[in-house]
Structures are given as structure tokens and as C-alpha cells.
1. Scan the stretch 51-67 and report the pairs whose first residue is within 17 Å of Ile12 (Cβ to Cβ) and whose second residue is among the charged types (D, E, K, R), with Cβ atoms within less than 8 Å and a gap of 6+ or a chain change.
2. Select from the stretch 1-44 the residues that are of a type in the set (A, V, I, L, M), without any contact (Cβ under 8 Å) to a residue 24 or more places away in the chain and surrounded by 11 or more Cβ atoms within 10 Å (Cβ to Cβ) and list them in ascending order.
3. Can you pull out the residues in the stretch 34-83 that are over 18 Å from the mean Cα position of the chain (by Cα) and β-branched (Val, Ile, Thr)?
4. Condition first: in contact with a Lys or Arg (Cβ under 8 Å, 6 or more places away or on another chain) and either on the phi > 0 side of the Ramachandran plot or basic (Lys, Arg) (or both). Now tell me which residues in the stretch 32-83 satisfy that.
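All of the numbers you see were taken from the coordinates with simple rules; none came from a lab. From a predicted model like this one, the values you see are computed outputs, not experimental measurements. In this analysis, Cβ positions are derived from the backbone assuming ideal geometry, glycine residues included, and neighbour counts consider all displayed protein chains.
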Amino acid sequence: MRQAHEQTARLIMDQVLSSKETYERQMKEMKAAGRGRDLGVSYEVMKKFVRDGNYKITLNNNAQIAREIGVFDKVLPLLFERR
């Protein structure tokens, strides 16, 4: 599951960086929603950073465990119904 979240995050970053306009719009929406702060990073710098891949995506362990438990809560009853 962790790899799926990492892959999804990379796909989202690729989409956000698909154009300068998309990047700037997403940054504006993120700030307006109070979910981030202005890092002063230009589109070109961010695009190179993501393209080079010299970063690691990490997930909060508690959040990861909560997601997995949520999946088990849905899947386990279905497994017990099987005969």
C-alpha cells in the first residue's frame, strides 16, 4: 500500500507540473485553503526537482496504519462470507 501512495503522489506531482499555469493555480488554491505556505519556489525549479527525483516520499505511520485498518474492516467481512 505504501508504494501505491508513493506512486500516486508522483503522478499528482507530474500533473500539477504539466504546465506553469497549472502549477501556479494549484499553489494559489493550496494557499487559499490554508494547506501550505509560500516556499518561493518557481515552476522551473520545482519541475527540475521532481524530474530529477532526488527526494523521498514518506508517509506518517499512524495514517498508514489507519488506512490499512479501514481496508481490513471492509474486506474481512467479505472474506468471512465466503464458503
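1. Between residues of the stretch 51-67 that are within 17 Å of Ile12 (Cβ to Cβ) and residues that are among the charged types (D, E, K, R), the close pairs are Ile57/Glu6; Ile57/Arg10; Leu59/Arg2; Leu59/Glu6.
2. First, the residues of the stretch 1-44 that are of a type in the set (A, V, I, L, M): 1, 4, 9, 11-13, 16-17, 27, 30, 32-33, 39, 41.
The next check asks that each one be without any contact (Cβ under 8 Å) to a residue 24 or more places away in the chain; those that pass are 4, 11-12, 16, 27, 30, 32-33, 39, 41.
Across the stretch 1-44, the qualifying residues are Ile12, Val16, Met27, Met30, Val41.
3. Selection gives Val41, Val45, Ile69, Val71, Val75.
4. Selection gives Arg37 alone.
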